């Protein structure tokens, strides 16, 4: 069955599978990338035995987490997120930082397949020993943000990574979730793409701590500068942020490494500012509350749909809807009442 697998690799694979949580943690705390990858694989697994390991790993890693800077990066496909992340990542590594990239790839809701191509798009960054790149299929999670990205951040921090870059699919739905798990939220845009202002949801601009107009080079430079002015005017219409930070708009060319240093200087200024005024810790606590309620929602939802008697009742209600004997709203009320009665043992 495994005759086509390299015997040396197969031996390593068997050894890796037999490692205990303690073994994984020891390697993880040393910054071992294999242990970090394996830990995230357990986090992404739906198997109960793996989730028990994850609980142990996360509990042990929590005291070593929270010391990184978490940066959310979003933008439509083709805006140059991967090129920007590679340029920023290499610059930070040259400064002595360790950089982890959690890149969420779009996956088909039908086949569940995913391209997972971020490692091929960041060919230079992936070769750096101080970098860790983990592409994850978004699956059916909200807006393409992997359900377990939060735990992956904790694991990366415990492994010693200073900067965590969370790249979203950029389809317009994941921003809220990424904003709830990062310290700084970057929105990448293109000039001349017909979506300067009218194509952007108000909420995304409100969440952005900075807007970067990428590919501002060559013939596109003038239109990028024009877009910068339009965004700056628009940002003045929004209320002052609780962080007391005024969102910035910058033109960059990630391909040419133009504007990367100034982008990091802006990020560093922001972090210093919010740490001084107390917003940084306040925001981190708010994130913890968000994660608590999100985890509760996930568990309640899972418990609801996995209830054996409810599965049968759900089929009955679906049939009644199909036969137009009941409305969807009424069926939902009936199912919820049935669920509550079952919990009471009625």
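Which FRET efficiency value, to the nearest 0.05, do you get for residue 304 and residue 206 by plugging their Cβ-Cβ distance into 1/(1 + (r/R0)^6) with R0 = 35 Å?
The pair residue 304/residue 206 has a calculated efficiency of 0.60.
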Estimated FRET transfer efficiency (residue 297, residue 325; beta-carbon r; R0 35 Å; 0.05) = 0.70
Segment residue 258-residue 238, extension gain: residue separation times 0.36 nm, minus the distance between their alpha carbons | 4.4 nm
Note: residue 41 to residue 229 extended length (0.36 nm per residue) minus current alpha-carbon separation gives 63.3 nm
In nm, give the distance between the simple-model label positions of residue 33 and residue 124, each being 7 Å from the Cα along the Cα-to-Cβ direction.
-> 1.7
Starting from the coordinates of the alpha-carbon atoms of region 195-291, obtain the Kirkwood hydrodynamic radius over all distinct pairs and give the value in Å to one decimal.
-> 14.9
Compute the separation of the alpha-carbon centres of region 250-272 and region 26-88 and state it in Å as a whole number.
-> 24
Going from the fewest other Cβ atoms within 10 Å to the most, one would list 282, 301, 189, 98 as 301, 282, 98, 189
Between residue 67 and residue 284, what is the spin-label point distance in nm, taking each point 7 Å from the Cα along the Cα→C-beta axis?
-> 1.1
Sorted by Cβ density within 10 Å, fewest first, the residues 236, 179 | 236, 179
Spatial separation of Cα centroids for region 209-247 and region 288-306, in angstrom | 37
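Laboratory data are not the source of any read-out in this text; all were calculated from the coordinates shown. Please read all numbers here as calculations on a predicted model, not as lab measurements. Positions of Cβ are backbone-derived with ideal geometry, glycine not excepted, and every protein chain shown enters the neighbour counts.
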